[in-house]
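Coordinate-derived values only; no laboratory data. Worth saying up front: this structure is predicted, and the values here are computed from it rather than measured. Cβ: placed from backbone, ideal geometry, glycine included. Neighbour counts: every protein chain shown.
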Ligand SMILES: Cc1ncc(COP(=O)(O)O)c(C=O)c1O
């Protein structure tokens, strides 16, 4: 049979990360490539207790269809917590001419994909930081949107370059940003940068799609206000999830956006999966409201504080000084930039041959084929010893390639 596939997915490259994942079945490989949460960050025993309780006390609720918007007690708990802790979500009484609502989605990635579906026609553009999260870029491309990049600097997306692009790109509908502990770069944009970018979005009439799955994983420095907390115009769609603080396999995320936008997202979600898994929505609600949720998040933070510290020390010690790398204050990722004399693909290949997996930075460029001489490293899943050994091997690979250049 010659399969006659649609054109929709033609622009998607198989994720370079997933390709590397395939090589990770070898337990001797040090996995700096995956973005998975640390295995010891899952509160397994408590989840088992809550699961048992759900089946004993509310089996039908957990096993029956639910509403597309999500399990109401969970929506309410998320909305209340993020309003209180982060100033996210406008109420009708704020008198801004719009109010926000929160719905549950099947992972933050679904929220991102739905936002594109709701706003972008075929050929419309989504502007993203360069580099950006490949899962989101692929979600935009699969909806027929063109992805465009604006350089990500040390303090956030370059506002001057962004304005240039906004002036000439009339089909730009969404500005996709991961302002906190960015994937892949590990950078957190400053408040000043965010205020400039927010003003530009308002001026040029483009929606900000703020993706914040790592925001609660801060282990150093001070919180920076989210775009959503600054939103007085109703131009921010905010996506986050429980993937990195409770469990990624549950697929429970959420979107907070102006009610009018939420209504469209709900229609689009209904077509995709009717609703998010009820059992896990209930489980998350119980965890949030009946267990020490804040204490658990603090523990997860301390896991990454330790792992990141080990990686920073090891990279300082083993990498030749021609290589530079970001120093994240939270999240899971480090962006390591190679000197021009090292070919990035060769570095990735050679590292894998010596059993260290890293992700080629080219996987994260919004415009396919754009030059990139960086790689992404993650400290989340490797053991402490592996982090040190892996950094040493990367240092050796770099030395060898520089000698050969
Ligand atoms: C920047 C970014 N956004 C969204 C997601 C998707 O997360 P979720 O598991 O909530 O779909 C990820 C996952 O790695 C991510 O890195």
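For the reader, a short list of remarks on this structure follows.
- Shown for 168, 291, 404: other C-beta atoms within 10 Å of each C-beta, ranked fewest to most, produce the order 168, 404, 291.
- Considering only 137, 283, 63, the Gaussian network model of the chain with Cα springs below 10 Å gives its largest mean-square fluctuation to 63.
- Computed [θ] at 222 nm, deg cm²/dmol, the chain (DSSP H ≥ 4; -39,500 (n - 2.57); rounded to nearest 500): -13500 deg cm²/dmol
- Dividing the mean sequence gap of close Cα pairs (under 8 Å, 6+ apart) by how many residues the range 1-134 holds gives a relative contact order of 14 percent.
- Residues of the range 234-266 with amide N under 18 Å of a point placed 7 Å along Cα→Cβ from residue 298: 245-246
- In this entry, the range 16-160 is assigned a mean projected area of 14.2 nm², taken as a quarter of its C-alpha convex hull surface.
- Proportion of all alpha-carbon pairs of the chain beyond 35 Å (%): 27
- Sorting 176, 287 by the number of Cβ atoms found within 10 Å of their own Cβ, with the fewest placed first, yields 287, 176.
- Taking 105, 150, 118 in turn, the Gaussian network model of the chain (Cα-Cα springs below 10 Å) assigns the largest fluctuation to 118.
- Among beta bridges that DSSP assigns inside the chain, antiparallel share in %, nearest 5: 50
- Using distinct alpha-carbon pairs, which all enter the 1/r mean, Kirkwood radius of the range 229-308 in Å: 14.8
- Relative contact order (%) - the chain, alpha-carbon pairs under 8 angstrom, separation at least six: 24
- For the range 270-300, backbone nitrogen atoms closer than 14 Å to the point 7 Å from residue 52 Cα along Cα-to-C-beta are found at no residue.
- Taken over the range 58-290, the percentage of Cα pairs per 10 Å bin, counting from 0 up to the bin with the maximum distance, is 8, 34, 38, 17, 3, 0.
- Choice from 241, 378, 302 with maximal GNM fluctuation in the chain (Cα, 10 Å cutoff): 302
- Relative contact order (%) - the range 58-290, alpha-carbon pairs under 8 angstrom, separation at least six: 29
- Annotation for the range 322-368 versus the range 133-178: alpha-carbon center distance of 21 Å.
- When each of 393, 104 is scored by the number of other beta-carbon atoms lying within 10 Å, the sequence from fewest to most is 393, 104.
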